[in-house]
Amino acid sequence: MSSPPATVDGFVREFLVNLNLERGVALSSATETDKYLALASTVRDYLVARWLEDQRMQRADQSKAVCYLSAEYLLGRQLDNNLLASGLTEIATEALAACGIDIDTMRAHEVEPGLGNGGLGRLAACFIDSLATLSVPSIGYGIRYEYGIFRQVFRDGQQVEKPDAWLALGSPWEFRHPEAAQTVSFAGHTETYDDDGVLRSRWVPAWSVRAVPYNYMVPGYQNGRVNTLRLWSAEATKAFDLRTFNSGDYVEAVRAQTFAENISKVLYPEDSTPQGKELRLQQQYFFVAASIADYMSKVLPDDFDLATLPDRVIFQLNDTHPVIAVPEMMRVLVDERKLDWDAAWAITQKCFAYTCHTLLPEALEVWSVDLLGRLLPRHLEIIYRINDEFLLAVRERFGDDERRLRDMSIVSENPASVRMAYLATVAGAKVNGVAELHSQLLREKVLHDFDEMMPEKFTNVTNGVTPRRFMRLANPELSDLITAALGTGWLTDLERLRELESYAEDADFRAAFADVKAANKRRLNEVLLARDGFAIADDHLLDVMVKRLHEYKRQMLKVLHIVTLYERVVSGRVAASDLQPRTFIFGAKAAPGYAMAKRVIHLINAVGSVVNNDPRLEGRLKVVFPPNYNVTLAERVIPAADLSEQISLAGKEASGTGNMKFALNGALTIGTDDGANVEIRELVGDDNFFLFGMSEPEVEALWASGYRPGEFAQADDELRRSLDLISSGAFSGGDRSTFEPIVSNLLYDDRFMVLADYTAYIAAQERVDAAYADRDGWTRSAILNVARTGFFSSDRSIRDYIDRIWHAQPVR
Ligand code: AZC
């Protein structure tokens, strides 16, 4: 098959055909939705031929493929990315103009698929972009949630969650393939049977659902490569339907259908704090079982020698969510393909690798033996056997070290549960953290015993972000400025940004760079005015903290900074005219069940409404908290930012990826020595980064010596005044109880040591003000941030995965 001609006329013709034949409307009567859907189909038409060809090659080719297993893909809008990748942006713009349509209204019409919570899901989206751009044969597997991450609204300053009906306008980027459905089973019991003289186990499930794939094209950046993202949707099986319909119980049949379809209904909105819900385990097994069956049946030839499977595929486990794939692979190999256990285990251990994204113990998934046994009885048996054999190996190596055996057991006692991170570590060929410090702490702390036993498994791959979306699309003016200086090619070879270093010394370039920043602020102003009615003043330093709301990320430290500045003025110690004008932007969703995080959201809004309306501040401080921070908003906020807030307690943020996006767009970072901040600071240099706070070893030492947050409040007058102001009801209409739990938590518990880092943080913010006063010097630093952070392209991350873990080769 061939693509439509890549000309304006060709595009117009294809667009009108789609409008007429797919939407059944004429241009004169088409709605915005009709036009948007026809436009999306048109862009798709240009990509399909390459896509089919790449799928054919992948089947024919013997090269190794990467199957990225992730429960989340936080894709963001697709239209612009697909236009850019296919090189059609200009043609499409002109073609639509010829039809009287402004392409920007089409862009704005798209609802982003929010099929992820935050960093982990967005990382997966960056990775599939880079895999395609590097021409690595790969498939992304995941879940097509009918409802993605909830839409956040504020009522009286408090978060309210609304369902995210992202499919309501239709989803033009997907192809449903019912003929490629897989059956996924659950529950029931296991039994042994005599298979021609061999005693084997098998699973007799109680119920099953149909997993229907929806395929999405993942185009590489202007390289003609189109990979696949395959998201599974749950439907009731035919057999199930028939049986109940035949029994005449219509209502029961429909209920059964709803039950099955619940599995892919909604994304769990917990980021880093899994709830151990049965439906979540169903989701996890549902998508990995379908993905493994899909890969084995659709991609591999029928006569395939399973012993060579590790030469053909690596399944990358994006955190613990897909780890049930390990016993599933064993079940397929042993029970279905009848391999003996040792041969199957040897294969399995080479086919999986595991990425850990956290250090918080509460974020490591654990499933109760009881639940696993009920839902996946055969898998539980397999896990027990894997564990028994593993503990034998531990005993062989370390003797009867009961402490070690207990601490390393995949199955823990009281309550009996399965530690999925341990299962992944035992099964995986490699285990990686997502930034240098994180990988080091993983080895030293979370998985210390495993590192002692099998150090060769552990490696690091520092995260990255796609420069196509987060530079070229989000910041077209900066991209043009860079291209004018360096020529083309840097978008796929981001280390070339280094060549900008000399431009930092060029006054004209600095002026042009500052103009771009100013233009991005004006554009953000327009977006926020239209979206939420907020205005951003041109002359304010734009200080941004956008990320999930979590105590370890320490939005409270940012709040205390704002309250401190406010208190200085209202108490008369500082004149408003002496403040550096600043606008603080927050963006953050809280998990619906996370009470403290929701209180902090309430407090930010409350502080904002007081600060923004107090005439004594003369408009010099402004707090802006647009609700429903998502990828689309990130693409507007990040390019406008001057200051990037990366202020987690050292040792808690595995990597961060927002930190990279800000630096690449010329914001300076104020941050702790945590996650990838460490690597950003090493690259940009101390002069271009505002470091503050305790290092991870200092945090440990303070814990060990007995942390008493109250002592820090006693020692810093301004800290005490700020906490008192919050307690006094100044931000809650005089009500002292509203924010009391936040203040007491800080004074008496403060797990994330906000008070211990407060003084250093305020001092660092003063250094920020001083630096910003020299605007030209600031711009110079901003340019150096861009020039020196090309390392954080997700293309580099993917190359590291290839070299250190996958050993798969790009196919051109
Ligand atoms: C996040 C980490 O918190 C963040 O630091 C990292 O940048 C990101 O993954 C990508 O690696 N983790 C999660 O979102 N979720 C879990 C379960 O860790």
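Values quoted throughout were computed directly from the atomic coordinates according to the rules given, and no laboratory measurement underlies them. Just so it is clear, the model here is predicted, and its values are computed rather than measured. All Cβ positions, even for glycine, are placed from backbone atoms using ideal geometry, and neighbour counts span all protein chains on display.
Applied to the stretch 153-164, the Karplus parametrisation 6.51 cos²θ - 1.76 cosθ + 1.60 on θ = phi - 60° returns per-residue 3J(HN,Hα) values of 10, 10, 10, 6, x, 10, 5, 10, 9, 10, x, 9 Hz, with x for Gly and Pro.
Were the residues from residue 206 through residue 52 laid out at 0.36 nm apart, the gain over their Cα-Cα distance would be 51.7 nm.
The order of 412, 233, 502, going from fewest to most other C-beta atoms within 10 Å of their C-beta, is 502, 412, 233. Using the Cβ-Cβ distance between residue 401 and residue 444 with R0 = 30 Å, the FRET efficiency computed as 1/(1 + (r/R0)^6) comes to roughly 0.95. Label sites at residue 456 and residue 176, each approximated as a point 7 angstrom past Cα along Cα to Cβ, lie 4.9 nm apart.
What separates the Cα centres of the stretch 595-655 and the stretch 321-389 is a distance of 41 Å. Please state the relative contact order of the stretch 467-792 as a whole percent: Cα pairs under 8 Å, 6+ residues apart? For the stretch 467-792, the relative contact order is 23 percent.
Taking 0.36 nm per intervening residue step and subtracting the Cα-Cα distance, what contour gain separates residue 515 from residue 62 on full extension? Intermediate results must be reported in sequence, preceding the final value.
On the way: separation 453, 0.36 × 453 = 163.08 nm, distance 5.11 nm.
This chain segment gains 158.0 nm when fully extended.
Rounded to the nearest whole Hz, the Karplus-based 3J(HN,Hα) values (6.51 cos²θ - 1.76 cosθ + 1.60, θ = phi - 60°) of the stretch 433-441 follow the sequence x, 10, 7, 3, 4, 4, 5, 5, 5, with x at glycine and proline. In terms of its C-alpha gyration tensor, the stretch 323-451 comes out rounded, because the ratio a/c of the largest to the smallest axis stays below 1.5. The aspartates and glutamates within cross-link reach of residue 521, meaning a Cα-to-Cα straight distance under 13 Å and a gap of 8 or more places when in the same chain, are 477, 538, 539, 543, 635, 642. Descending by average beta-carbon neighbour count within 10 Å, the peptides 585-594, 705-714 line up as 585-594, 705-714, the highest first.
If you take the square roots of the eigenvalues of the alpha-carbon gyration tensor of the chain and sort them as a ≥ b ≥ c, do you get rounded (a/c under 1.5), prolate (a/b over b/c) or oblate? Present the calculation step by step, with values, prior to reporting the outcome.
Working: a/c = 1.65, a/b = 1.24, b/c = 1.33.
Because a/c hits 1.5 or more and a/b fails to exceed b/c, the chain counts as oblate.
Using a 10 Å cut-off around each Cβ, can you sort 404, 751 from fewest to most neighbouring Cβ atoms?
On the way: 404 18, 751 14.
Sorted ascending by nearby Cβ count, the order is 751, 404.
Using alpha-carbon positions, what is the distance between the centroids of the stretch 544-567 and the stretch 456-496, in Å? Taking the Cα centre of the stretch 456-496 as reference, the centre of the stretch 544-567 is 29 Å away.
Can you give the % of DSSP beta bridges in the chain that are antiparallel, to the nearest 5? The answer is about 45 percent antiparallel. For the stretch 247-308, the set of chymotrypsin sites (Phe, Trp or Tyr not before Pro) satisfying both a DSSP loop assignment and a count of at most 13 other C-beta atoms within 10 Å is given as 304. By the gyration tensor of its Cα atoms, with a ≥ b ≥ c the square roots of the eigenvalues, what is the shape of the stretch 467-792: rounded for a/c under 1.5, prolate for a/b over b/c, or oblate? Verdict is prolate for the stretch 467-792.
Past 29 Å, Cα to Cα: identify those pairs from 162/430; 277/652; 457/589; 298/430; 265/652; 64/661, in the order given. Could you put the intermediate results ahead of the total?
Working: 162/430 39 Å; 277/652 25 Å; 457/589 35 Å; 298/430 26 Å; 265/652 31 Å; 64/661 31 Å.
Pairs exceeding 29 Å: 162/430; 457/589; 265/652; 64/661.
Here each label is just a point 7 Å from Cα along the line to Cβ, and for residue 250 and residue 774 those points are 8.0 nm apart. Placing dummy labels 7 Å off each Cα toward the beta-carbon, the span from residue 537 to residue 350 is 6.6 nm. Taking amide H as placed 1.01 Å from N in the peptide plane, the amide H of residue 546 sits under 5 Å from that of 587, 645, each at least 5 places away or on another chain. The slack between residue 362 and residue 153, meaning 0.36 nm per residue of separation minus the straight C-alpha distance, is 72.5 nm.
Most exposed first by the Cβ proxy, i.e. fewest other Cβ within 10 Å, how do 395, 403 rank?
Working: 395 13, 403 9.
Arranged by neighbour count, lowest to highest, 395, 403 become 403, 395.
Determine which residues of the stretch 654-671 fall in the zone a paramagnetic label at residue 804 would reach in this model, i.e. backbone nitrogen under 15 Å from the point 7 Å along Cα→Cβ. Label zone hits: 654-656. Sparse packing (at most 11 other Cβ atoms within 10 Å of the Cβ) combined with a DSSP loop state is found for the following GluC sites (Glu not before Pro) in the stretch 380-435: 413.
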